[in-house]
Amino acid sequence: MSEKLMFGRTNFISVYADQGGAIWAGTYGEGVYRINPNNLEYKLFNNDDGLEDNNVISISGSKDLVWFSTLGGGVFMLQHR
């Protein structure tokens with residue numbers, strides 16, 4: 001995935017597919033990417049968006065909520081559409 005999206009040496013450590021088909025990919029040190037698998041557009045969520053820690057070790061969700069477990073910042077919840 002890193003090569004196809006040109007992420008370079010990004011270390012992905014968790015992944016989740018939500019009900020809408022988006023792929024959420026947690027990283028070690030950069031935060032979490034929401035990726036549209038149809039056109040490969042992506043958005044990065046990190047400390048600037050309220051994530052307490054940019055090491056996202058686990059991702060899960062339900063309906064329009066996505067939960068991220070981080071290495072040192074606890075749990076973060078994001079409501080998406």
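Each reported figure results from applying straightforward, stated rules to the coordinates on display, with no laboratory input. Bear in mind the structure is a predicted one, so any value in this text is a computation, not a measurement. Counting neighbours? That spans all protein chains shown, and the Cβs are built from the backbone with ideal geometry, glycine included.
Annotations for the structure displayed:
- If you check GLU30, GLU41 for being of a type in the set (Asp, Glu) and in contact (Cβ under 8 Å) with a residue 24 or more places away in the chain, only one passes: GLU30.
- Total residues in the stretch 19-35, condition part of a loop (DSSP other than H, G, I, E, B) and closer than 14 Å to HIS80 by Cβ: 4
- Residues considered: GLY73, GLY61, GLY8. Of these, the only one that is surrounded by 14 or more Cβ atoms within 10 Å (Cβ to Cβ) and not in a strand (DSSP E or B) is GLY73.
- Restricting the stretch 44-58 to residues that are of a type in the set (S, T, N, Q) and without any contact (Cβ under 8 Å) to a residue 40 or more places away in the chain, the residue that is surrounded by the fewest Cβ atoms within 10 Å (Cβ to Cβ): ASN47
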